[in-house]
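The values are calculated or read from the model by the stated rules, or taken from the named source; none is laboratory data. Keep in mind that this is a model prediction, so the values were computed, not measured. Every residue, glycine among them, receives a Cβ derived from its backbone with ideal geometry; neighbour counts consider all protein chains shown. The accessibility values were calculated without ligands, DNA or RNA, using every heavy atom of the protein model including side chains. Shrake-Rupley method; radii C 1.70, N 1.55, O 1.52, S 1.80 Å.
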Amino acid sequence: MAVIGGIIGGGIYRTPAAVAERVGSPRLALAAWVVGGVIALVGAFCFGELGRRRPSAGGGYVYLRETWGPLPAFLYGWALLLVIATGAIAAVAVTFANYALALAGLSPGLTVPVAIGAIALLSGINYVGVKPAAVTQNVFTILKLAALAALIVAGLVLAVPSTVLHQPPPPATDRGGVVGVVVALGAALVPILFTYGGWQQTNFIAEEIIEPERNLPRALVLGVAGVVIVYLLANVAYLRVLGLGGLARSTAPAADVMRALLGPAGGTLIAAGITASTFGFLNLVILVTPRVLQAMAADGVFLPRLAVLHPRFRTPALAILVQAGWATVLTLSGTFAQLVDYVAFGDWIFFGLTVAGLFIYRAREAGGPGGRGGGGRGGRGGAGRAFRVPGYPWTPGLFVLAALYVVASSILANPRNALIGAGLLALGVPVYLLAARYSGRGVV
């Protein structure tokens, strides 16, 4: 549920329109989603082995620290707190508020108060324990899957015969030649990979998972595979009802499909599904991200009190409050959308580095039990039935190349945003140096 809930947010309700606009045929659109799904599944396999090796709170932060050193790991945590996670919380909270208010027939002027209320409510639930947060996650993941199931069934069963997948694309979107297909597919992969993102967040809470060495890899692979199937079926439904041209022109394809097939009631149903989907995604981000701050504080490179667990609830209580406070500030400021755009490329830099760290773990393992990657809970792990990435080294290599492609595409698409984002990341360097000097742990 955490893996699925971390992937399915609001993207599947918007991104297919952008993908259809960039490709030349329904088949190529579906092929792009298949390729993106394969890359996401490869990433899940890689993070499965990483999680088995280090089932610790902090996930990617821990892997980066052990393979690339403390500074890259700190910059990852810094980016999460400054923009990536908190900006996502603010953005998703506002999206939730917009749909919730529309369903309730209330004024859009209440958007910010409702968004902040959602952040406060879910932060409170996560404050009092992992189990209440897990129950909330399970309930809303089931609701969002039910909404997507309704969309898929309606699109596959009720769609009229004239809107079939093999209809020719509009001339304006037709792209000829192998080069045109490769360019179109590459352009479509950028939003697709962002829509498939989120599965890695479950590694943040590895320490609180029962038998993480076994259950975390299983959850990652099964969860991502399930989402790939759901996303493919949703896109088939979009294309059957709207056609390629209609999908490319749509600003709300899920609502357009449901209204076309079920009338106004269908639009209301999918709006309720999007409301549940965004609320569940919001809960997942609020649940997992404080574990990174907890790990950073335990390493002495961030506020030490963030590492302290609540004596009764056993949660990183202060880290949850700090995250909620900064996300609230971003929500009130209205700057979260621009900030997320600035550092979106940085998220994939850390993805690529994290998976590339698997090569370092394997090299240390091959060097014998004395290597830095050989000890600890689940650390050696190469023997017996421990989970390992299939197709190594080609599979992690493919994911690293995909990450490089997304980063390069994001920079080329908007160099100004990338430059500002790099500046925001660079602000973390003096913070790290000061924290390291204060803690007396050095800066290596």
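The rows are residues; the columns are (1) small (Gly, Ala, Ser); (2) out of contact with any helix residue (DSSP H, G or I) (no Cβ under 9 Å at 6 or more places or on another chain).
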site: Gly280; (1), (2): yes, no
site: Val292; (1), (2): no, no
site: Val308; (1), (2): no, no
site: Arg312; (1), (2): no, yes
site: Val322; (1), (2): no, no
site: Ala327; (1), (2): yes, no
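Please go through region 266-318 and give me each residue that is within 15 Å of the chain's Cα centre (by Cα) and more than 27 Å from Trp78 (Cβ to Cβ), ordered by number. Residues satisfying the conditions are Ser277, Phe279.
Out of region 357-378, which residues are under 20 Å from Gly58 (Cα atoms), surrounded by 18 or more Cβ atoms within 10 Å (Cβ to Cβ) and modelled with pLDDT of 80 or more? Within region 357-378, Gly357, Leu358, Tyr361 qualify.
Among the residues of region 139-176, the ones that are polar (S, T, N, Q) and either at pLDDT 55 or above or within 21 Å of Arg14 (Cβ to Cβ) (or both) come to 3 in all. Taking region 203-245 as the range and being under 20 Å from Gly11 (Cα atoms), open to solvent by less than 20 Å² (accessible area, probe 1.4 Å) and more than 19 Å from the chain's Cα centre (by Cα) as the test, the residues that pass are Asn235, Ala237, Tyr238, Leu239, Gly243, Leu244, Gly245. Checked against the criterion of being touching a strand residue (DSSP E or B) at 6+ places or on another chain (Cβ under 9 Å), surrounded by 24 or more Cβ atoms within 10 Å (Cβ to Cβ) and under 29 Å from Leu145 (Cα atoms), the candidates Leu287, Leu282 yield just one match: Leu287. Filtering region 110-133 to residues that are open to solvent by 50 Å² or more (accessible area, probe 1.4 Å) and touching a Leu at 6+ places or on another chain (Cβ under 9 Å) leaves Leu110, Val112, Tyr127. Is it true that some residue in region 335-344 is over 24 Å from the mean Cα position of the chain (by Cα) and either modelled with pLDDT under 90 or part of a loop (DSSP other than H, G, I, E, B) (or both)? Checked region 335-344: no residue is over 24 Å from the mean Cα position of the chain (by Cα) and either modelled with pLDDT under 90 or part of a loop (DSSP other than H, G, I, E, B) (or both).
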